[in-house]
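The values are calculated or read from the model by the stated rules, or taken from the named source; none is laboratory data. Just so it is clear, the model here is predicted, and its values are computed rather than measured. Note that each Cβ is placed from the backbone with ideal geometry, even for glycine, and that neighbours are counted across all protein chains shown. Side chains are part of the model used for accessible areas, which takes the heavy atoms of the whole protein and leaves out ligands, DNA and RNA. Shrake-Rupley method; radii C 1.70, N 1.55, O 1.52, S 1.80 Å.
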Amino acid sequence: MNNLEIRLIQPEESPAANDFYNGIYGKKRSLEQWQWEFAENTYDTDQILYAIVKDGSRIVGTQAFIPIQMIDPNGIFWTAKSEETLVDPNYRGQKLFDKMYSLLFEEAEKRGFAYVWGFTPAEKAFKKLGFEMPGKTSQMLFPMQYRALDKLMAKDREAERDVPKSMLKHLSYKLAFRISIPLSGLKLSMKASRKNDIEIRTIDSPPQAADDLCRRFIKKYGGVTIYRDGEYLKWRIFDNPYVKANMVGAFHDNTLLGWAAFSLGDDGVGYLVDILTASDLGNDPEIVQRLLIEAVIRTRDMGALALRGWSVNNHPFDKLVLNAARKIGFWHFDKGHTVVLYETKAGKSGVHRHTFDDFQITRIYTEGIMG
Amino acid sequence: MNGEYLLQQIENHVRLFFTDAALSLIKAADIRFAHYADAIDIKEYCLIIPIDIDSGIAPQNIYKVPFNDTQLTLWSPLPRPDRPGWRAIPNDNHPLWYINDCQTIIPATNIFKIAWDLLTFREDSELPWRDKHGRFNSPFSPRLDFGLLEIPVFNEAVALMLAACKCLSGAAIPDDNIGGLIAAPVVNLSHDCDVLYGNDFWTQAARFARIFIPSSHGLLSRLSNIRWMAGNTLHPGRYYFNNVIGMINLEKQYGFKSTFYMLNGSGGRYGSRNGLDAIIKIKDFIPDGWETGLHYNYNTYNKSDKLKAQKGELQTALGRLITSGRAHYLRFDHTTSFDRWTQAGIKIDESVGYSKHIGYRCGLAGCFQPYDNKAGKAYDIFEAPLAIMDTTLVDQYGDDSIRHFESMLKHLSCIGGAMNLVFHPGTFFNPEMPRMLGIYHKILMTCRDTKSRCLTADDMLKILTKRG
């Protein structure tokens, strides 16, 4: 155990790293899925930012940074998403986590990444590394089938979140959930029947106007968000080897005004992967509502138990989406993962400095395998 | 047994489900069809398929042999050649091959004759039983009692043949590894659009009757049917028409696509229930890449003129030529149907399956040209036999359905082939059938996880008719 080697991964070591992950979690992630997640992102480099700890020929620890471009009023810049934090239980207590991070922070500084960010239930470990915990994700939920409740509670248990322990509380949850389904259905049908001149079209390949929409969005709402150009959408959505989210666009006179991406997860729950609008016609709330209705109807017809989306902070667009979602039958819960944010030295000395509420965040922030 | 025909079907199968290297191996190999008595005296570098031994239609002496990370199920062994120099591979107890000192190879079982019998519908020909719809159904097959309906005999025979061809191309003995020669398994998804609106007379009448049927047997009335009747009265497309859109969006998530077989023509209990308007409306929701085909109406069985009229009507409605189809209720007669379908302009059919059990009716997971006994050659039509029907799978295997489906698909990934399956829009997502909820989603996830390729019947047809 004394000759532990900590370094960046070599391409030929990816099968071993993937096997390590599958072994620890009991999953069946394929090498193709590993490649997609860590090696095929839009950052132009030969070196995958994936740290490993090796004991002899065995991988006993992993930590990855996935380079992600963001956009703010000062332009486009690079950040990194923290992913694949994993140490063999037999090697815990040796600060391997810190050492892998130290290596990756160095790489991030070298490349001028402004932020490293992620979502985690393990707050303590990240705090020690200098991450801030500026907020939490919360859930917007549109209930569709009663069976959804069991799935959602199972997920909460898995994520070690608070679940009702007493029988009475459990029953009250069930009752509330049962009542919420027809209520949400009613709200949806009232809003869905309203006509307007926004045209909704299925998007089957990355829209050329994606980059323009992102720029317009930042110009309109300010703050910072992921720069979703065609290349990014191709990588995260259309080439996704797990689930290629369905994408719909809102158009007026053939101009792309906004989009929503949604998918049915392996657990049978629908996920709102992304939503973004920037209309010059002053009708963003209406467009957001139409896109959300489309996402609900389409995921419901796919057999979804419920549709979940994120609401995270006080970014004006986040608030707009939450408001529109509530009007069509979504419910809002304060349950989610902690956001962790680390500002690098490069970030601190640059022009892309932001508070947490500046970030417009959806599941397109590479959370899980959905987008 | 027509060796030339069989070899052509084998080549087609290899073209679809194996690599180019495998096709070259088959083409380069010296493969002969001969009488068993002659075969055992041959001393040349070749593979010989005995054509004259009749093992009957009831399987005998079944045994399993490990092969390429799966197990082959063999039956009706051939006698070990009683000439000097012949030995059994891999062993005498469970042989795959007999091979002599000159590298002459003979299969150790009558597998190719069994495959031929299944491709040419020997069970249908020799056994008289038919169900009330005139079908030779799974309970009549002798293979059912031995649990052999789910054995793709033809696919296993081709996999064995490739192992032998590999040996003929240089290896010392045929081994059980053909890993590098197999392409990813194929899944061929299709949907029979029997009902597109749940408010038609027959669907509602059946629901109404089922409210009272249980009480006539001393059971509780099925009052929940009132809910479904009311629901579909208010929202006719819910759980039917809307499910077509839902299925497409779900398939899209995994990069898959499918064929929708449309039922038009005469109405009635077994006939078309929604008329042409529903089809005209739904066609706008079926994107490019997805196929539409003809679901031959119940009353077109053995009636060419009615089939042609139905096809003409559908083509006019869709504004395109239809080349693929499946019979409603899987009604099919091996002596007449292929002729009638061919005459109607169908190029590939997916009717040949069982409604009572899942499995490979022709012992084949893939696509082949049926054999015209009268003409002594292949029909000018391809058949992709249906292996799995949605409710049949769940009726048969219950909670174990997906695990079972996965094991069948994994077997195909080791021997090459296609899983042809049908899932009706009305069973995809319909709370009226709670046991079916989520099944199609799990099937698609299994296809993704087994890295299956998705080819529709029309895709297979295109590959097979685009000859180099």
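Numbers below:
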quantity	calculated
Descending principal axes extents, segment A:237-371, alpha-carbon based, whole Å	49, 38, 31
Computed FRET value (nearest 0.05) for B:Ala206 with B:Ser125, which takes r as the C-beta separation and R₀ as 35 Å	0.50
Long-range Cα-Cα pairs in chain B (distance over 38 Å), rounded percent	26
Estimated inter-spin distance, A:His332 and A:Asn314, nm [label 7 Å along Cα→Cβ]	1.3
Net charge of Cβ neighbours under 14 Å - reference B:Lys132; Lys, Arg +1; Asp, Glu -1	+4
Cut-off 16 Å, label 7 Å out along Cα→Cβ of B:Asn61, residues of segment B:88-102 by amide N	B:88-99
Largest-first ordering by accessible area, 1.4 Å probe, given options B:Ser125, B:Ser355	B:Ser125, B:Ser355
Charge tally in the Cβ shell below 11 Å around B:Thr323, where Lys, Arg are +1 and Asp, Glu are -1, B:Thr323 excluded	+1
In nm, spacing of pseudo-spin labels at A:Asp280 and B:Thr335 (7 Å Cα→C-beta vector)	7.5
Span from the segment B:317-392 Cα centroid across to the segment A:276-296 one, whole angstrom	47
B:Arg130 accessible area, 1.4 Å probe, all protein chains in place, Å² to nearest 10	100
Gyration tensor verdict on the protein assembly as shown (Cα atoms; rounded if a/c is under 1.5, prolate if a/b is larger than b/c, oblate otherwise)	oblate
Segment B:Asp395-B:Asp20, length gained on full extension (0.36 nm per residue, minus Cα span)	131.1 nm
Peptide-level mean, for A:260-266, of C-beta atoms on other protein chains within 10 Å	3
Solvent-accessible surface ranking, highest first, for A:Glu84, B:Glu150 at 1.4 angstrom	B:Glu150, A:Glu84
Folded to 0 to 90 degrees: helix B:3-17 orientation relative to chain B principal axis, Cα	60
Charge-dipole axis of the protein assembly as shown as Lys and Arg at +1 and Asp and Glu at -1 on Cβ define it, positive-most pick from B:Ala327, B:Phe121, A:Ala108	B:Ala327
Neighbourhood net charge (10 Å Cβ-Cβ; Lys/Arg +1, Asp/Glu -1) for A:Asn240	+1
Interchain or long-range residues, amide H under 5 Å from B:Val187's placed H	B:Met419, B:Arg453, B:Cys454, B:Leu455
Peptide-level mean, for B:244-253, of C-beta atoms on other protein chains within 10 Å	6
Value of relative contact order over segment B:196-300, rounded to a whole percent, pairs C-alpha under 8 Å and six or more apart	28
Accessible area buried between chains A and B, both sides summed, probe 1.4 Å, in Å² to nearest 100	1600
Relative contact order for segment A:138-336, counting Cα pairs under 8 Å that sit 6 or more residues apart, in percent	32
Given charges at Cβ of Lys, Arg, Asp, Glu: segment A:233-339 dipole, positive-most of A:Leu307, A:Ala325, A:Phe251	A:Leu307
Residue-averaged [θ]222 nm for the protein assembly as shown, counting only DSSP H segments that reach four residues, each worth -39500 (n - 2.57)	-11000 deg cm²/dmol
Kyte-Doolittle mean at least 0.0 and Cα axial length at least 24 Å: DSSP H helices in chain A	A:167-192
Label-point separation, B:Asp30 to B:Asp82 (7 Å along Cα→Cβ), nm	2.7
Förster radius 56 Å - calculated FRET efficiency between B:Ala230 and A:Gln47 (Cβ-Cβ, nearest 0.05)	0.35
Förster-model FRET efficiency, 25 Å R0, A:Ile179 and A:Ala154, C-beta, rounded to 0.05	0.70
Spin-label zone in segment A:74-117 - amide nitrogen under 16 Å from a point set 7 Å from the Cα of A:Arg7 along the C-beta vector	A:100, A:103-104, A:107
With eigenvalues of the C-alpha gyration tensor scaled by 5 and rooted, segment A:138-336, Å	30, 18, 16
Mean separation of Cα contacts under 8 Å, 6 or more apart, over the residue count of chain B: relative contact order %	18
Segment A:296-349, dipole about Cα centre (Lys/Arg Cβ +1, Asp/Glu Cβ -1), debye to the nearest 20	60
C-alpha long axis of helix B:241-253 to longest principal axis of chain B, angle in °	40
Helix axis angle, B:439-449 relative to chain B longest principal axis, alpha carbon, degrees	40
